[in-house]
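Below is one structure, written out as C-alpha cells; comments come after it.
What follows draws every value from the coordinates through simple rules; no lab data is involved. Everything numeric in this text was worked out from a predicted model, so none of it was measured. Methodologically, a virtual Cβ is constructed for each residue, glycine included, from the backbone with ideal geometry; neighbour enumeration extends over all protein chains shown.
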Amino acid sequence: MQTSNQKVIWVTGASSGLGRSIALQLANRGALVIASARNRQALDELAAQNANIRALACDITDAAECAALGAQIAAISPHIDQAILNAGNCEYLDFPDPDWAAVRRVMEVNFFGTVNCVELVLPLLRAARRPHLVVIASQATAAPFPRAEAYGASKAALQYFCACLRLDLACEKIDVSVVNPGFVDTPLTRKNDFEMPFLMDVEQAASRVIGKLASRPRRYSFPMRLSLLLGLSKLAPGLWQKAMTASKKSSTTPPGT
Ligand SMILES: NC(=O)c1ccc[n+]([C@@H]2O[C@H](COP(=O)([O-])OP(=O)(O)OC[C@H]3O[C@@H](n4cnc5c(N)ncnc54)[C@H](OP(=O)(O)O)[C@@H]3O)[C@@H](O)[C@H]2O)c1
C-alpha cells in the first residue's frame, strides 16, 4: 500500500546491473519503485527483496507493450514523481565486415525504446507535484572509440533529445536530467575483454547516481577522472586517434563503453 508522502519512482532496465541496484536502493530508502524490464523472473526476484517494489515486465521497443505498461503503472499510482529511464544494451561493430543491422538494434532499444518510455510516462509525470525525468546515457559520447559506432550514436542521440526535451518541458516544471556513467561492473560490461579505466562497483555507482539526482542536475557525468581522460580526445584528437588505433591493433575488442 502506498503511503501519502511516499515518492513513486519508475526504473527501467531494473532486472540487472545499474537499474537493479538503483531500484533496490531507492526501495530501501522508502520509495515505491515500479521496476520494469523484459525478464519477469529476474524482476520477481527483485520484488521479493523489498515490499516497496512492484515488478512489471515490458519490452520497451514494443509500443503496444509500452501502452499496456502505462495503464498498469496508472493502476498502481496516478502519478510518477521520478522516472529513471535506464534500460539499454550494447553491441559492437566488428570491422572489416560488421553486422550493420546491429546499429538499428541498438538504436531501437537505447533511443527509440527510451522515446517510447518518455511518451508513456509524461502524463504520469504531469500528475506529480515536482516531476523529474532521468535518462541514463553514457560517457562514451565524450570521445570516439573503435567499434562503438552504434552504442555511442544511440547515447549521443539520447543526449540531444533530452537537451531539447528539457526546453520543451520547462514551462510544465518537469526537470530533465541526463546521467553519463563511466565503466560500471555489470553484465553489460562483463562481456568486454578490453581494459576499462576506473571501473566502478555497481552498488557504489547506483548510490552516486541517486545522491546526485537529489539536486536535479541537467547533466551528471562520473567518475570525473574518466571525464578528464576523455577530454584529451578534444584537446589532442590526433593523439587520441593514434592511441585508439594502437589499442585496436593490440586487442580484438578495444575500449568502447
Ligand atoms: N555498465 C556500464 O559501464 C555503463 C556505462 C555507461 C552507461 N551505461 C548504461 O546504463 C544502463 C544500464 O546498463 P547496465 O550496465 O546495468 O546493463 P545490464 O546489466 O545489461 O542491464 C540492462 C537492462 O536493460 C534492460 N533491457 C535491455 N533491453 C531491453 C528492452 N528491449 N526492453 C526492456 N528492457 C530492456 C535489461 O533487462 P531485460 O534483459 O530483462 O529486458 C536490463 O535490465 C544502460 O543504458 C547502459 O547503456 C552502462
Open item on the list: Give me the percent relative contact order of the chain, please, defined on Cα pairs under 8 angstrom at least 6 residues apart.
Closed with: 19
Open item on the list: Can you find, among I60, P78, V106, the residue sitting farthest towards the positive end of the charge dipole of the range 47-127, where Lys and Arg contribute +1 and Asp and Glu -1 at Cβ?
Closed with: P78
Task: Rounded to the nearest 20 debye, dipole of the range 8-250 from Cβ charges on Lys, Arg, Asp, Glu - done: 840
Open item on the list: Sort 150-158, 10-18, 92-100, 61-69 by the packing proxy (mean of other Cβ within 10 Å over each peptide's residues), most packed first.
Closed with: 10-18, 150-158, 61-69, 92-100
- [ ] Starting from the Cα-Cα distance between K191 and L232, subtract it from 0.36 nm times their residue separation and give me the gain in nm to one decimal.
- [x] 12.2 nm
Open item on the list: Test of understanding: in a Gaussian network model of the chain with alpha carbons linked when under 10 Å, which of R29, R147, R105 would top the mean-square fluctuation ranking?
Closed with: R29
Task: At least 24 Å along the helix axis (C-alpha) and Kyte average at least -0.5, DSSP helices within the chain - done: 149-170
Task: Where only alpha carbons of the range 85-208 are counted, the Rg and the Dmax (Å) - done: 15.7, 52
- [ ] Take the cross-link list K191/K212; K173/K212; K155/K191; K7/K212 and give me the ones stretching past 21 Å between alpha-carbons.
- [x] K191/K212
Open item on the list: Among V184, I136, S221, which residue has its Cα furthest toward the positive end of the charge dipole of the chain, with +1 on Lys/Arg Cβ and -1 on Asp/Glu Cβ?
Closed with: S221
Open item on the list: Out of all DSSP beta bridges in the chain, what portion is antiparallel? Express it as a percent rounded to 5.
Closed with: 0
Task: Lys, Arg +1 and Asp, Glu -1 on Cβ, resulting dipole of the range 168-257 about Cα centre, debye, nearest 20 - done: 320
Open item on the list: Binning at 5 angstrom from zero up to the longest distance, how are the C-alpha pair distances of the chain distributed in percent?
Closed with: 1, 6, 13, 18, 20, 17, 11, 7, 4, 2, 1, 0
Open item on the list: Skipping prolines and chain starts, which residues have an amide H placed within reach, meaning under 5 Å, of the one on S177, given they are 5 or more residues away or on another chain?
Closed with: L133, V134, V135
